[in-house]
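The values are calculated or read from the model by the stated rules, or taken from the named source; none is laboratory data. Just so we're clear, the structure is a prediction, and the values are computed from it rather than from any experiment. Positions of Cβ are generated from backbone atoms using ideal geometry, with glycine treated the same way; all protein chains shown enter the neighbour counts. Surface accessibility is based on the protein's heavy atoms, side chains included, excluding ligands, DNA and RNA. Shrake-Rupley method; radii C 1.70, N 1.55, O 1.52, S 1.80 Å.
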Amino acid sequence: MRPIYYLLALLAGAALSFEGAIYAELGKSIGQVETSFYNFAMGTIIVGLLWLFFGKGDITHVRRAPKWSLLGGLLGVVYLTSIVVSVPFVGVGVTMVAVIIGQLIMSMVIEHYGWLGSEPTRVNKEKVFAVLAMTVSLLLIQ
């Protein structure tokens, strides 16, 4: 069953590269902030329909959720808008590799300290080497 989740994550990464390229182009036509707004407006409609027909939770419990867990929307805006701004200048490949490096570094910090409910996992030399290798790949694909 675990390989299915790896495949799903791989597909998500591929979708993000398509999204970055598509929204960079849309940003040239309608503006970068407007592109982010469009993305979140369309996403709201689509997820709203999914929620309406398939949702099983209770959205009213959002008031009881830890306040820090509500920052996801803000971080999504930072993420998408940064990609829309970056892709036209450095390209899809460089942008996505830089995004992955940022994800690796921050995930190591979060897991090392057990932040945000994650299981503490020490940073080791293999993880550091992986970040260094990704950084070298970023330099090589420029």
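Laid out as a table, the results:
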{"read-out": "Residues satisfying the stated conditions in segment 114-142, i.e. of a type in the set (Phe, Trp, Tyr) and over 21 Å from the mean Cα position of the chain (by Cα)", "value": "Phe129"}
{"read-out": "Sole residue being over 25 Å from Leu139 (Cα atoms), open to solvent by 40 Å² or more (accessible area, probe 1.4 Å) and in the same structural domain as Val136 (by TED's automatic domain parsing), chosen from Leu74, Leu104", "value": "Leu74"}
{"read-out": "Filter result for Ser36 (more than 17 Å from the chain's Cα centre (by Cα) and not assigned by TED's automatic domain parsing to the domain that holds Leu75)", "value": "no"}
{"read-out": "Out of Thr135, Thr95, sole residue that is in a helix (DSSP H, G or I), in contact (Cβ under 8 Å) with a residue 60 or more places away in the chain and outside the structural domain of Leu10 (by TED's automatic domain parsing)", "value": "Thr95"}
{"read-out": "Answer from Gly117, Gly102, Gly91 - the residue that is more than 30 Å from Lys28 (Cα to Cα) and of a type in the set (Gly, Ala, Ser)", "value": "Gly117"}
{"read-out": "Residues being outside any helix (DSSP H, G or I) and open to solvent by less than 70 Å² (accessible area, probe 1.4 Å) - total across segment 11-56", "value": "2"}
{"read-out": "Filter result for Thr81 (without any contact (Cβ under 8 Å) to a residue 60 or more places away in the chain, surrounded by 12 or more Cβ atoms within 10 Å (Cβ to Cβ) and either acidic (Asp, Glu) or in contact with a helix residue (DSSP H, G or I) (Cβ under 8 Å, 6 or more places away or on another chain) (or both))", "value": "yes"}
{"read-out": "Segment 48-81: number of residues that are over 20 Å from the mean Cα position of the chain (by Cα) and among the hydrophobic types (A, V, I, L, M, F, W, C)", "value": "9"}
